[in-house]
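K.L.:
Please read through the structure below; I'll follow up with questions.
The values are calculated or read from the model by the stated rules, or taken from the named source; none is laboratory data. Keep in mind it's a predicted model, so treat the numbers as computed, not measured. The accessibility values were calculated without ligands, DNA or RNA, using every heavy atom of the protein model including side chains. Shrake-Rupley method; radii C 1.70, N 1.55, O 1.52, S 1.80 Å.
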Amino acid sequence: MDAYDEDSGAGARPGPDGSTGARLPEESAAGADSGAGDLGSGGPGSSGSGTGRRPAWAGRRDRASGPGRTSGPAPEPRSARAPESGQPARPDASARPDASAQPGAQAQPDASASAPCESRTGVAALSRRYQVGAALALAVVSVAACVHLLMVFLSLAPANTVTKQHGKAVEEWVYPEFEQNWKLFAPNPLQQNIAVQVRAEVRTKDGGLRTTGWTDLSAEDGAAIDGNLAPSHTQQNELRRAWDFFVATHGTDNRPVGTRGSLSEQYLRRIVVMRLYRDEPADRLGVIQQVQVRSSTTNVQPPKWSPERVSDQPVYRQLPWWTVTADEAAGGVRS
């Protein structure tokens, strides 16, 4: 046994059937095939048959030379090897995606893709024509609100240049619906309960006249407000402010004082007629011919610990009979 046999036994790898015969490595398979032709053409140990097979001692010599001393060609890169049978081909490094796309990085959306159209709400969802209409309506409401606040301010402010020149226009705008009462903040606030009552003379279906009893309109408003978390403005202020307006423009003899006396009288008369028809329809009550209004004033009693004593008897202020015109009666029925 020579040195070649020992090397061949030491470096031999087991075959598929467990044998330890000498086998050429895969990396040198291509080089062995290329050198077999030269050996077969008359090299030492060749049989001259030209079969192209390399003798076993040639492979043993290559393995004995050690790493880095192989005489055969260098092994081909792994990426250039042909795939073995039954295994899928591996993609080439040149076919890989761009190096900037690192694993785990999110793909950027395509800029050419159109973004979804956002849904519009409110005024923006309207057409151009309706948007212009909404803008005009908002402008009109804003101007009207500013003018109203200015008129109310001028009616409450002390006499000035504007009220002297345009006082008539201010009064026509404010009175009687928007007149303000500041007695709550006066040094001596109101300490009386005032109830407005009314009775009417009506013409019945048979042509006769009858006079109704006194109806306490303030008591009706108080009953509607009690237990109501959100009472209406008319229930709280309409009748009360109408009576305050009448008292401010009339003397103790119930005669008008100033230019607004007739306006306050007409305003109060229309309210009581409307309320009478609201409580009882015209087919049952009859047609109202005249109305009479009175007030019942009762002092607010002081607390028990106060030494002050005031009368608890009501004081009445009775107005004369007012003739109801046809348009006032019709207005009351429609309301």
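K.L.:
Would you mind calculating the relative contact order of the stretch 173-293 from Cα pairs under 8 angstrom and at least 6 residues apart, reporting the percent as a whole number?
P.N.:
It rounds to 32 percent for the stretch 173-293.
K.L.:
Kindly provide log₁₀ I(q)/I(0) values, in the same order as q = 0.13, 0.16, 0.20 Å⁻¹, from the Debye equation applied to equal alpha-carbon scatterers of the stretch 207-269.
P.N.:
-0.51, -0.70, -0.86
K.L.:
Divide, for the stretch 125-238, the radius of gyration over alpha carbons by 2.2 N^0.38 Å, where N is the residue count.
P.N.:
On the way: Rg = 22.2 Å, N = 114, 2.2 N^0.38 = 13.3 Å.
Rounded to two decimals, the normalised Rg is 1.67.
K.L.:
Determine the order of TYR130, TYR175 by accessible area, beginning with the largest, at a probe radius of 1.4 Å.
P.N.:
TYR130, TYR175
K.L.:
Oh, and also: Considering only protein heavy atoms, with the full assembly of protein chains and a 1.4 angstrom probe, order GLU171, GLU179, GLU328 by accessible area, largest first. List each step's numbers first, then the result.
P.N.:
On the way: GLU171 70, GLU179 40, GLU328 10 Å².
From most accessible down to least: GLU171, GLU179, GLU328.
K.L.:
Keeping every protein chain in place, order HIS233, HIS250 by accessible area at 1.4 Å, biggest value first, i.e. largest first.
P.N.:
HIS233, HIS250
K.L.:
Just how much of ASP216 is accessible, in Å², when a 1.4 Å probe is used and the result is rounded to the nearest 10?
P.N.:
Roughly 50 Å² of ASP216 is accessible to a 1.4 Å probe.
K.L.:
If you count only protein heavy atoms and use a 1.4 Å probe, how large is the accessible surface of TYR316, to the nearest 10 Å²?
P.N.:
Probe radius 1.4 Å; accessible area of TYR316 about 120 Å².
K.L.:
Taking only protein heavy atoms and a 1.4 Å probe, what accessible area per residue, in Å², does the stretch 182-284 have with all protein chains in place?
P.N.:
61
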